[in-house]
Structure formats: C-alpha cells, structure tokens
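Let me begin by presenting the structure, written as structure tokens, before commenting on it.
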Amino acid sequence: SPSRSGLDWARAQAFLARERASFARANPRSAELAAQARQHLLFGVPLHWMNDWGTPFALHVDSAQGALVIDADGHTLVDFCLGDTGAMLGHAPAPVAAALVRQATRGYTTMLATADAAAVGQALSERFGLPFWQFALSATDANRYIVRWIRAATGRQKLLVFNGCYHGTIEDVFVDLVNGQPAQRDSLLGQVHDLTEHTVVIEFNDLPALEAALKQGDVACVLAEPVMTNIGMVLPEPGYWQAAQVLIQQHGALLVMDETHTISTGPGGYARAHGIEADALVLGKPVGGGVPCAVYGMSARLAERAVKAKQDAPPGHSGIGTTLTGNMLAMAAMRATLAEVMTPAAYEHMLALSARLADGIRQTLARHALPWCVTQMGARTEFQFCPQAPRNGSEAGHALDGELEHLIHLGLLNRGVMITPFHNMMLVCPQTTVAQVEQLLTALDEVISQIKAPAS
Ligand code: PMP
C-alpha cells in the first residue's frame, strides 16, 4: 500500500535497500564471521532468533561494556536493547565482573551451596517481600517450576494467562485468543500436546472475563506480567490489579507475577511499587547481571503447601530443577548484582533518563505528525504503531508490523544505535548518558524523515 502507519511505503522500501547496502559495506568482518558460522551452526547463529534483527547477515559482537557494544568491525554502538533486558543494568557491571573473577579459580558447580546462597535468599526476601526462594537457569524455567509447584500445591490443573503474553518457552502459555476462541499457537514446532486443555486465556484489563474464568473453580494460578511488555506494551487500567487480586483470592487461585521485564520499574519491581501482593514472583534475565540464572519466590502460605505437596508425593524425582541450577558462579553473580548493581541510585539515573527518552520520542512523533504512541515503564520505553495506547493483547498485536520494525531498527543500527528486535523497545542502563539518548533521538528523526509521506 502507498501509505502505511503514516509512511510512504515506496520511499520506505528505497530507504531499506540503501540501508542494507550500507550495512553490508560497513561490516565486512561480521560478513566473514557470519559466512564461517554458517558452515557448522544451524541457521548460521548460536540461536535462530539471532537472525531476527533485520540485518542482511548476522552482526557479530567483539565486546560489550556499560551502555556500549563494540561490533566485530570496530564500530561503537549505543545499546538500548541491552540483551532484551538481560543486560538492563549495563554490560559487564564492575561488581559482577569482580565476583566472577573471584569465583573463577574457586569452582563453578558442585551441586552444593556456598555462603552466597543464604545471602542471596535474604537479599531477595528483603527486596521483594516474599520469604522463600528457589532458583533456575532462565526465566522460562523459573516460570515452568513455579507453575508446577502451584499445580502440585493446589491440586488444580489450569493455568490462566493473558492473550498476547510471553513468559519464555514454557509450553503451557502458548495459547491465543483467535476470534474470541482459545487456540494453540500454530507456529510452535514439535508441540504434540493439546495446550488448550490446561490453559485458559483471556484478554488483559477485562475483569468480567477474569471473573468468569475463575468461577469455574479449576484455575491453579494466574501467571502474568503486571504490565504486558512482550507484544508492545500494555498498561493495566487504574484499579485493574486491585480488583483482579480480590477476584483471584475469592476463587481460591494464586497470583504469580513475572517481573522479568517489569523489574525496569524500580528496585522491587512493579508489583511492590504498586501494592500488588502476589503469592509468587519470577525474575530472570538481569538478576545475575547478565549471567544466566533466575529466581522464584513464594509466600509463607504457598511455601508451606509446596513443602507438603513434596512430602505427600511418592519418593522420587519431582520433575523440577536442572543440574546446574543454583550453581556457585550464578550465586556469586546474583549476590553482587543484588547488593551492588540493582541499587536505588542506579534506578534513579535510569528512570530520569528513560523519562527524557520517552518525552523526546513523543516530540519526534508529534513533529512528524505520525499516529504512533509511546509508553514508558521505568527504564523501559516502547513506541507502537497505533495512535492510542492499546488496552489488551489483541489491540497491541494489531499494531505490530515486523517489516516496518526491521527497517527502522536497521536504519538506527547504521546510525550507531541498537534497539530491541521483535518490537520497538528501548532500555536505558546505569551507564547510559544524556548524549547517548540524544543520539538515539537524532537517529530516529533522520530515519523517519526518510520514510514518512511528504507533507500534503
Ligand atoms: N518472562 C518474561 C516476562 C519475558 O519477557 C521473558 C523473555 N522475553 C521470559 C520470561 C523468558 O526469559 P528467558 O528467555 O530468559 O527464559
């Protein structure tokens, strides 16, 4: 179509062709490494998602420090993707690097605890207000395990999720509402179980739908991000969580808050900042400063029921956990992150800068009269291709435009700034500067100037 999201699509295509050529010219070393990797890596990259950046071939990285990534060709890129939150506290934070160096000659994994274990448990409990904790290697696994514990503890089978949610590759959550009906995601590979049997899906911000689903009496827990962040961003309406919590409690279900992304709100996450009292909390990605690990916490009541479920079960494998879980290296990284990196001072800087970024993007969009919206949650800012902030996953999903995202992201990358693939998410970290935010705003302005429809 000649016009799309307020743009001139023919101009946009010409821009894309120029940007692809420019990327190829500027990145000969990445091209060479990508060609070598294709010989033995399936899809040419360690994880096939790495091909989703919109670049003609895989950009390769030399190193990353603070807010900066140095690519294989020596360009310095300002990183607003930050590993899609894994590096939200900056790449290679000094206290984590020091902890890793200390641990480097003292062993990595023994299937036994070190003195870091109790310290991390205490730090988590003080920060999030839940008394009992366990660990995992990814947020995906932390979600998988907490859902298992809760199903075991409650004897109920159903999981309730919101349409358009993402909680990692835990199978149970890939059920969408299609024309109002639950349907298993058709892009899943090798999924042979019927996920709709044990997963209930409703729209976010819809209290009557929540009540109707809970009334069946078979929902073990609601697994939710307090703000949806994986389909663009969707904020809860005022009062939504307060009312939802009452309903969840009334119907004997539990509430699990997945704060993996919403930890961008502040040191204690979104739930704590907004008075939401969850029965369980999941946090992955940045909790080890970028070292692979994740945590999940439980209320005293849930912990008691989980312990009882284990005691009452026949002896044998619980089906929960992996060999490297809670390994010495990860515990050392988490202890340093919680004590010295994820601090109120770090958040103060991030939140102020993020507000500045969100404001700058709003001004840029207004200057170009583009019908897009901007949503900010703490250190996280998102722009979406719709005039009003979406109310639920369906609305947010309709605003996604993969082709347009790729084109904008590539244009930004060629101008020295990286933002998150799959949508338009930008994070600032403790080392991000005002000048770097200005660089992103200037680059975005330039890209938009080259693809928008000429003023009529
Ligand atoms: N929960 C949320 C809210 C997420 O956004 C993600 C990843 N985007 C995950 C869980 C899964 O994290 P991981 O891929 O590290 O397992």
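Any read-out appearing in this document is the output of simple, stated calculations on the displayed coordinates, not a laboratory observation. Every value quoted in this text rests on a predicted model; they were computed, and no experiment measured them. Methodologically, a virtual Cβ is constructed for each residue, glycine included, from the backbone with ideal geometry; neighbour enumeration extends over all protein chains shown.
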Under 22 Å Cα to Cα from K308, which lysines show up? Leave out anything in the same chain fewer than 8 places away. K158
For the stretch 352-414 and the stretch 428-456, what is the separation of their C-alpha centers, rounded to whole Å? 11 Å
From the mean inverse distance of alpha carbon pairs (Kirkwood) and the Cα radius of gyration, derive Rg over Rh for the stretch 94-341. 0.97
Sorted largest first, the C-alpha extents of the stretch 368-452 along its principal axes in whole angstrom are 35, 30, 22
Under unit Cβ charges (Lys, Arg +1; Asp, Glu -1), what dipole magnitude, rounded to 20 debye, does the chain have relative to its Cα centre? 540 debye
Just to be sure I understand the model, the point goes 7 Å from the Cα along the line to the Cβ. What's the resulting E126 to E171 distance in nm? 4.1 nm
Per-residue [θ]222 nm for the chain (sum of -39500 (n - 2.57) over DSSP H runs n ≥ 4, rounded to 500): -12000 deg cm²/dmol
Just how far, in whole angstrom, is the stretch 25-42 from the stretch 239-302 if you go by their alpha carbon centroids? 41 Å
If you count, for each residue, the other Cβ atoms within 10 Å and average over each peptide, how do 143-152, 296-305 line up from highest to lowest? 143-152, 296-305
Taking the 0 to 90 degree range and rounding to the nearest ten, how far is the long axis of helix 344-367 tilted relative to the main principal axis of the chain, both from C-alpha atoms? 40 degrees
Quick one: angle between helix 402-413 and the longest Cα principal axis of the chain, in degrees between 0 and 90, rounded to 10, please. 70 degrees
Can you tell me what share of the DSSP beta bridges in the stretch 94-341 is antiparallel? A percent to the nearest 5 is fine. 50 percent
Only bridges with both residues in the chain count here: give the DSSP antiparallel percent, nearest 5. 70 percent
Quick check: the angle from helix 240-250's long axis to the longest principal axis of the chain, C-alpha only, nearest 10 degrees? 20 degrees
Would you mind giving the average projected area, over all directions, of the Cα convex hull of the chain in nm² with one decimal? 22.6 nm²
Could you calculate the contour length gain from H75 to L189, that is, 0.36 nm times the residue separation minus the distance between their Cα atoms, to one decimal place in nm? 37.4 nm
Neighbour-count ranking [beta-carbon atoms within 10 angstrom, fewest first] of K308, K452: K308, K452
